[in-house]
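The values are calculated or read from the model by the stated rules, or taken from the named source; none is laboratory data. Please read these numbers as outputs of a predicted model, since none were measured by experiment. A quick note on method: Cβ atoms are made from the backbone with ideal geometry, for glycine too, and the neighbour counts reach across all protein chains shown.
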Amino acid sequence: MDREQAKKLIINTFENPFAKDRFVYFLRNLLKSFEESTFVYQGNYIPDAFEKYVRTLERVGKYNYDGKEIDLLIVELKKETSLERARTMQRNFIAWYLKGRLTDAALVAFVSPTSEDWRFSLVKMDYRFEEKKVKEEITPARRWSFLVGKNEKSHTAQSRFLPLLENDDWKPALKDLEEAFNVEVVTQEFFDAYRYALHEVIIKNLKHENINEIPYEKKHSFAQQLLSRILFIYFLQKKGWLKWKNYEQDKSYLKNLWLKYKEKHCKKDKFYSIWLKSLFFGAFNKRFQFIHSELPDDIKESYSTMPFLNGGLFSENELDKIGFDVPDEVFEWLFEPDLWSSDKKKGFLEIFNFTIDEATPLDVEVAVDPEMLGKVYESLINEEERGSSGIFYTPRNEIDLMCRLSLVEYLHAKAGIDKQDLIDLIFNPPSISKYENIDNLKLIRRYLEEVKIVDPAVGSASFLVGMMSVLVELHSELTRKIENREENLFALKNRIILENLYGVDIKDWAVMVGELRLWLSLIIETDEKYMDIYTKPLLPNLSFKIRQGDSLVEEIGGVFINLRGNALKTLPKSIQQKIAELIDRKADYFSGKRSADLKEKYEIESLEMEIFREILQKRIDELTEKRNFKEKELNSLKGQKDLFEKDRSQEKELKKLEEEIKQFENEIHKYQNVLYTIGKGEKKDYFLWEIDFAEVFAQKGGFDIVIGNPPYVRQELIAPPLAREENYTPDEWREIKKQYKEKLIQAVQSVWKDVKKIDKKSDLYVYFYYQGLSLLNDGGIFCFINSNSWLDVGYGAGLQEFLLKNMKPIYIIDNLAKRSFKQADVNTVIVLIQKPANKLEDYVIKFVAFKKPFEEAISPDVLKEIEIANKPIFDHLLFRVYPKTKKELLEEGVEYPEEETELGLRHSVESLPYIGNKWGGKYLRAPEIYFKILEKGKDKLVRLGDIAEVRFGIKTGANEFFYLKPVGMTVKEVVEVAERDPKALIRVKNGAGWEGEIEAEFLKPVIKSPRELKTIMVKLEDLNYLVFMCHKSKGELKGTKTLEYIECGERQKYHKRPTCRSRNLWWDLGEQEKNSYLWSRIHNDSHRIYRSHIYAADTFSVLYPKYDFDITGAILNSTMVWFGKELHGRKVLGEGGLSSLGVDLVNIQVVNPEVVSRKILNSFNRLRSRNIENIFTELGFDPNHPIREQEPNPLPDRKELDDIVFDALGLTEQERKEVYWAVAELVKARLDKAKSV
């Protein structure tokens, strides 16, 4: 079938009401052939659970290929069942059918008799075999769908099915069909089009009389807002609520409105200013005075029929008041596709299918849904500010898991219900119908109604939407069981948003997208037949639910404010009454009982300011009273001085009182300054957790659950989140970053007085930990997904210590099979923590690593097994778990003074300095054999740092200046020339494009990258680079080419770079020892520790042995050291690389050189002279097959060297195999995980 025929087939099938003949013909061409095996289920053949919804199921054929059986089905729904509703029922019905016949999957047409549209779905089951019995895989059925029919476009279906139809020889396997239903392709295409529209079409074409004076951020926010409004209408028109005269529904209303404008409006560039503004601010808000008089009468009539949206999205705001105009060419680009072009950007809003129903982990629509907007937002932020913003969209499976885990722990803490019961109820809500303890269910419902949940880095509100979805599911089942009635889902979602959900983000357009997703989740539950959508405001106003602000730095006028703790618990009645009034006014504003305009918003913010002022004044009064009391004490003590001679103790007491009075005065002055600062402002321009969410802190003392995915920003890139680097000079930007990092540290110390020091190398997410945990009330639950780096790196030590001593970490969860983030070069963990009411002496923290993707591994039974595990489990098919107590982790992480170690003394571990531990390497990745080796080798293992000094390679501070390539000769030839004639001129070029001559004596061979090296022994002929190594002053260099090169570097300002600037002679890299071993900072699938007498760049750690040089080198190149490297390295690189720095190496356990036979030198001599292969070749494994199903078969010289190390440790033959299996599995899992997304 040629392309045009295939395209026509798709259009005929998918852009028309369902017709069985067309559907079967499409399947025959898609699959090439199938068995015509037909039957019909109806009447009593439909189970009672589905009888209410399903009229008939007809099988039109079955398709077998590649060992998988796929049934081809048509399901006719009953009249009362819409395609959009009862999605779970539709999926479960097909799951019932598939399980009953042990069929792998089905291609299904779901058809409603009342709709011209229909759904084309792939439903898939997974099975596993146990003891000759078939058992359903622990994951439920999953469904992927296209909504097709008369009112839908087939562009997406064309892009997915054309390749299969065009190739007459391609019989698709099940995995090919899964790829055709893959929504990620649609996401990428939509993102590309959206990004182009935002940046290239809207922002560049905005009109304003002072357009060049308006900050880019304002243009960006306005453009984002315009697109958000238009997209909301695209979702809204799918409901059929947008109508022309005579109430004629139009599911393509906005496109047709544009066409009517082109037909009827004689003036150019008025679509936005007259037609859209009238729709936005007039029609959707029932403010008909905003509808422009120049509009044609039929458009005015249409606008009069619009639903009363309210909510704030279509209220005129500060961005609108800037006065931007939008020319017609923007809308032509948005609404009019180029039918003859393959470019999917122009007219993209009319190309893609829209569905208002958000995907769930088990039910995915292959179309643009609200969740996709979240992905687009996160991707835009990531792309625009890559490396600094660090925002990555959290997959729905992880979100669902985190929400349910948090609720289990919250309900266990508050309601005291057994955790095993809660896991069943929360992770499998239908089980509520069979749970007999009604009192427990009532308790659960009560605490779910009261729960306060916040995401402090809310982004596109994915966690809030995910939590709402879980709460809706739970409330629906609870109401059904307790009251025997169905929930009104619109009212339920509305209540959950009002009572339970909160969020904060620094970006205004993140807030906008978050609000949009919550509104859309409400729209799906609205039915015109049962609700008044025309006279009562439909959407809540979310301005006080998702707020814009810096979650991490609470300061006003340079003063850090901390009202947490008891500050809001002991307020006078007058303030309590104002907070009660604030709660009522926010609720009225939310529900639309008050106007949603800016005036009402400002009045509520003014009330917040008033409450804040009174709280500050109360604090000032309290401090003044304390100061006055201390002054009386001081005066009394001074008075005694006149009667008696003052002794030394009185002197100390006087000094102490004077210092306390000074502290009180400083505090009073600080709060008076804050009062003065906020008094000057006409409106609120700051964010404070306790004021912006006063109702939460006053009523509950904090949030019950803090959940989210904080930004991942490396320490050197941390900067004020709204500042733009291009607006500053490099020095200014450096200073701005430094000041902001100081603010982050001060902000943490203002809420956690015991935190004396924070490592300045900490990533940004570490600050979110401290601040997020401070937002919890006693017993509250914290759940983050973030980089796993803090488990194993130096800066993580402070966070580990803080959590162990102040919190109750419950779970640290990794996934060994699949990365969470495709775009981020990081691996992540999910962390679940409780904030205890009182400090705990001891508790158990469980390190859990799943061996399969979350969607395949998570089930109530699995989680209950993990919950009751009281010892390490390594051999479970789906997970491993390692329980550790607080005391054990502290003991392993503290540093004992040498005299204590020698004398056998012990202080309390709480009082000893905590230096950190490799939590990730040991407890999430280390196999059982690792712990056996530690036990067996107690007296034979030492830290690598005990047998070798570990240093950095050369840090130049300006690689493009110092690293040079010879021109017309090799590195080895340069060395030979330098030995003969140090003054000889060598032609070289640098990384910045300079080329010229430098004296040979100042050019030394250097190893810049491990890619240059082929063997353990470094050879000059393998090297590509020279390093500029000059220790002489300019005076000594007078008349040389070297001086000219230095001066050339100064013209490029290399001497002003921080590292260069710190040297006496900026070009002098200092004397470097060269006889060493080199450890590459990044490893992939091979292990070489290089023997070198040549300089090395800082891509290496340089090891200087303290004992026998060659024996140490042999040990370093053993498989045992690779084993340690896999566990101690920083498994944070998403592309599969393993990073290990000097601070990681020193703690790797290696066999003591003093207990190793000198025979190892013969083995090492053979090993170091050949190319070292990848781990699988070295150990004799095929990585394409399961490692454990193969016998290790290491290369002879590798085995000979390893056996000497194994002999020293006393390992059995089986234990040696376990080491080989373990190392190969660790490497394979690391590399496979990198490819998993």
Output the helices (runs of 4 or more DSSP H) that fall wholly within the stretch 261-342 and possess 3 or more residues being of a type outside the set (A, V, I, L, M) and more than 25 Å from residue 203 (Cα to Cα), or say none. 297-304
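Looking at this structure, is residue 143 charged (D, E, K, R), crowded, with 20+ Cβ neighbours inside 10 Å, modelled with pLDDT of 90 or more and within 28 Å of the chain's Cα centre (by Cα)? Break it down into steps so the answer makes sense when it comes.
Working: charged (D, E, K, R): yes; crowded, with 20+ Cβ neighbours inside 10 Å: yes; modelled with pLDDT of 90 or more: yes; within 28 Å of the chain's Cα centre (by Cα): yes.
Against the criterion (charged (D, E, K, R), crowded, with 20+ Cβ neighbours inside 10 Å, modelled with pLDDT of 90 or more and within 28 Å of the chain's Cα centre (by Cα)), residue 143 qualifies.
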Residue 796 passes all but one of the listed conditions (1) in contact with a strand residue (DSSP E or B) (Cβ under 6 Å, 6 or more places away or on another chain); (2) within 24 Å of residue 751 (Cβ to Cβ); the exception is number (1)
Do you know which of the residues in the stretch 975-988 that are touching a Lys or Arg at 6+ places or on another chain (Cβ under 9 Å) and not in a strand (DSSP E or B) is farthest from residue 1002 (Cα to Cα)? 975
How many residues does the stretch 1200-1220 hold that are in contact with a Leu (Cβ under 9 Å, 6 or more places away or on another chain) and among the aromatic types (Phe, Trp, Tyr)? 1
Just name the residue that is farthest from residue 145 (Cα to Cα) out of those in the stretch 86-107 that are of a type in the set (A, V, I, L, M) and modelled with pLDDT under 90. 102
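Could you tell me whether the stretch 336-344 includes any residue that is among the aliphatic types (A, V, I, L, M) and either at pLDDT 80 or above or within 21 Å of residue 784 (Cα to Cα) (or both)? Steps first, please.
Filtering the stretch 336-344 for residues among the aliphatic types (A, V, I, L, M) gives 339.
Keeping just the survivors that are either at pLDDT 80 or above or within 21 Å of residue 784 (Cα to Cα) (or both) gives none.
No, the stretch 336-344 contains no residue that is among the aliphatic types (A, V, I, L, M) and either at pLDDT 80 or above or within 21 Å of residue 784 (Cα to Cα) (or both).
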Which of the residues belonging to the stretch 1201-1235 are out of contact with any Gly (no Cβ under 9 Å at 6 or more places or on another chain), surrounded by fewer than 16 Cβ atoms within 10 Å (Cβ to Cβ) and either under 27 Å from residue 398 (Cα atoms) or among the β-branched types (Val, Ile, Thr) (or both)? 1212
Please specify each residue of the stretch 19-36 satisfying the condition of being of a type in the set (Ser, Thr, Tyr) and over 22 Å from residue 178 (Cβ atoms). 25
Among the residues of the stretch 221-243, are any over 20 Å from residue 516 (Cα atoms) and assigned to a helix (DSSP H, G or I)? no
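Suppose we keep only residues that are surrounded by 13 or more Cβ atoms within 10 Å (Cβ to Cβ) and not aliphatic (A, V, I, L, M) within the stretch 561-577. Which one would you say is modelled with the lowest pLDDT?
Residues of the stretch 561-577 surrounded by 13 or more Cβ atoms within 10 Å (Cβ to Cβ): 561-565, 567-568, 571, 575-576.
Next, only the ones that are not aliphatic (A, V, I, L, M) stay: 562, 564-565, 576.
Details: 562: 76, 564: 74, 565: 66, 576: 83.
Ranking the qualifying residues of the stretch 561-577, first place goes to 565.
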Name the helices (runs of 4 or more DSSP H) wholly within the stretch 1047-1143 that hold at least 2 residues that are under 26 Å from residue 1023 (Cβ atoms) and in contact with a Lys or Arg (Cβ under 9 Å, 6 or more places away or on another chain)? 1109-1116
So, in the stretch 1010-1027, of the ones that are assigned to a loop (DSSP other than H, G, I, E, B) and not β-branched (Val, Ile, Thr), which residue ends up nearest to residue 962 (Cα to Cα)? 1024
If residue 263 passes every condition in (1) closer than 30 Å to residue 214 by Cα; (2) free of Cβ contacts under 8 Å to residues at least 24 places away in the same chain but one, which one does it miss? (1)
Residue 59 fails exactly one of (1) surrounded by 14 or more Cβ atoms within 10 Å (Cβ to Cβ); (2) under 21 Å from residue 20 (Cα atoms); (3) touching a residue at least 24 places away in the same chain (Cβ under 8 Å), namely (3)
Single residue of 505, 550, 455 found to be at pLDDT 85 or above, surrounded by fewer than 24 Cβ atoms within 10 Å (Cβ to Cβ), among the acidic types (Asp, Glu) and within 28 Å of residue 377 (Cβ to Cβ): 550
